[in-house]
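Engineer: Would you mind keeping the following structure in view while I ask a few things?
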Amino acid sequence: MTEALLQALISGLALGGAYALVALGFSITFTTTKTLNFSHGDFVSAGSFIGLSVMLLLTGAPLRGSIEALVVHGNEQLIAVFIAIAVMGVLGIVLYLTAVRPFAGKPGMAWVMSTIGFGIILQSLGLAIWGPAPMKVPAPFGEGVIRFFGVGFRSQELLLICVTLVVMGIFDWVMRKTLIGKAMRAVAHDRNVAALMGINVNAIMLGAFFVSSGLAGLSGYLLAPIASASLFMGLGIALKGFSGAMIGGLTNPRGCVIGGFVLGILESMINLWQAQWREIVVFMLVILVLAFKPNGLFGKKMVEKV
């Protein structure tokens, strides 16, 4: 029983790592622009396929070919992940310029539909390029199962957990110790005052969408060797990531990451018991948390100044 619980804990932390990266992305755009990217899931899916395509091109295989029979070296994996993050980051800037900024601050919720529409366009382009079938992606450190005290886990699961913690640590350090972080916090607090202080608010918002979308791409790239790359996998990941952000507190980056990990572990533990109850329990938890703590467990109460 102990081994099964430890196994579920490792799997939950790995899944929670993917949720946490997405939740962190939601937090970054919300705190700086007060908007959300409702096509975040499509960015997760696209990130996995961009990385896969770079690996195929570097190994000389056709874009729709299979990578299972090919040998992908570590440097090719590194190039693929950085290109996937960069491409998704640039697409995030395009999303902000075309689907968010023209509607932000105006009455109504036009930016909600425009971001959803951007995601549908992205998914349709993906279907035209890669097709609807999921594709197997090789893990950087192999597919073997590592056993420790009777508990088996894959290297990709450990990699996902470690990368998420490193990203969280770097983001936390940037936000607290650097001028860029202080500028982001100033824009999040009051963008008009920040502009009067000489901060380039527009550049901060562009940077926020770049980082947020890049994190979505990183999440998809890291998850692909575990779940296979699919253009339809992003919606579920984004929904759980958003739920994690709501549980932890959308305005608190640390809380969002913790919320993502909590959801992943909870989901994995329920799988041990009754898998069909997984979604019910997860979303009941979200509803209960929001009922008693509308700003999340670690979020700050938002005060409207008149």
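The values are calculated or read from the model by the stated rules, or taken from the named source; none is laboratory data. A quick note: this is a predicted structure, and the numbers were derived from the prediction, not measured. Heads up, the Cβs are rebuilt from the backbone with ideal geometry, glycines too, and the neighbour counts pull from every protein chain shown. Accessible surface is based on the protein model in full, side chains and every heavy atom, while ligands, DNA and RNA are left aside. Shrake-Rupley method; radii C 1.70, N 1.55, O 1.52, S 1.80 Å.
Engineer: Return the pairs, sorted by first residue and then second, in which the second residue is of a type in the set (Asp, Glu) and surrounded by 14 or more Cβ atoms within 10 Å (Cβ to Cβ), the first residue lies in the range 103-121 and is farther than 15 Å from Ile93 by Cβ, the beta carbons are less than 6 Å apart, and the residues are 6+ apart or on different chains.
Structural biologist: As it stands, the answer is Gly119/Asp42, since those pairs meet every condition given.
Engineer: Between residues in the range 147-173 that are in contact (Cβ under 8 Å) with a residue 24 or more places away in the chain and more than 13 Å from Leu24 (Cα to Cα) and residues that are acidic (Asp, Glu) and open to solvent by 40 Å² or more (accessible area, probe 1.4 Å), which pairs lie under 8 Å by C-beta distance while being six or more apart or on different chains?
Structural biologist: Here the result reads Phe149/Glu3; Gly150/Glu3; Val151/Glu3; Arg154/Glu143, each pair linking the range 147-173 to a residue that is acidic (Asp, Glu) and open to solvent by 40 Å² or more (accessible area, probe 1.4 Å).
Engineer: Sticking with this structure for a sec: For the range 289-297, does any single residue satisfy the condition of being surrounded by 15 or more Cβ atoms within 10 Å (Cβ to Cβ) and over 22 Å from the mean Cα position of the chain (by Cα)?
Structural biologist: For the range 289-297, residues surrounded by 15 or more Cβ atoms within 10 Å (Cβ to Cβ) and over 22 Å from the mean Cα position of the chain (by Cα): present.
Engineer: Which of the residues belonging to the range 225-237 are part of a helix (DSSP H, G or I), open to solvent by 10 Å² or more (accessible area, probe 1.4 Å) and under 17 Å from Ala14 (Cα atoms)?
Structural biologist: Ile226, Ala227, Gly236, Ile237
Engineer: Separate question: Being outside any loop (DSSP other than H, G, I, E, B) and of a type in the set (Gly, Ala, Ser) is the filter here; which residues of the range 137-165 pass it?
Structural biologist: Answer for the range 137-165, where residues must be outside any loop (DSSP other than H, G, I, E, B) and of a type in the set (Gly, Ala, Ser): Gly152, Ser155.
Engineer: Out of all the residues in the range 122-136, which are part of a helix (DSSP H, G or I) and in contact (Cβ under 8 Å) with a residue 60 or more places away in the chain?
Structural biologist: Leu122, Gln123, Gly126, Leu127, Ile129, Trp130
Listed here are the residues, each with its yes/no results for (1) farther than 30 Å from Ala110 by Cβ; (2) open to solvent by 10 Å² or more (accessible area, probe 1.4 Å).
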site	(1), (2)
Thr2	yes, yes
Ala8	yes, no
Gly25	no, no
Leu36	no, yes
Ser45	no, no
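Engineer: Which residue, of Thr59, Thr2, Thr29, Thr33, is more than 17 Å from Met135 (Cα to Cα) and without any contact (Cβ under 8 Å) to a residue 24 or more places away in the chain?
Structural biologist: Within the list Thr59, Thr2, Thr29, Thr33, the selection yields Thr2.
Engineer: Further question: Do we have Val166 as open to solvent by 20 Å² or more (accessible area, probe 1.4 Å) and out of contact with any Pro (no Cβ under 8 Å at 6 or more places or on another chain) here?
Structural biologist: So Val166 passes the test.
Engineer: Which of the residues spanning the range 209-224 are buried (at least 24 other Cβ atoms within 10 Å of the Cβ) and either at pLDDT below 90 or not hydroxyl-bearing (Ser, Thr, Tyr) (or both)?
Structural biologist: Phe209, Gly214, Leu215, Ala216, Gly217, Leu218, Gly220, Leu222, Leu223, Ala224
Engineer: Next up: Would you be able to say whether some residue in the range 250-260 is assigned to a helix (DSSP H, G or I) and hydroxyl-bearing (Ser, Thr, Tyr)?
Structural biologist: Within the range 250-260 (the criterion being assigned to a helix (DSSP H, G or I) and hydroxyl-bearing (Ser, Thr, Tyr)), the answer is no, since none of the residues qualifies.
Engineer: A further question on this structure: Identify, from the list Leu52, Leu78, the residue that is in a helix (DSSP H, G or I), at pLDDT below 90, in contact with a strand residue (DSSP E or B) (Cβ under 6 Å, 6 or more places away or on another chain) and not β-branched (Val, Ile, Thr).
Structural biologist: Leu52
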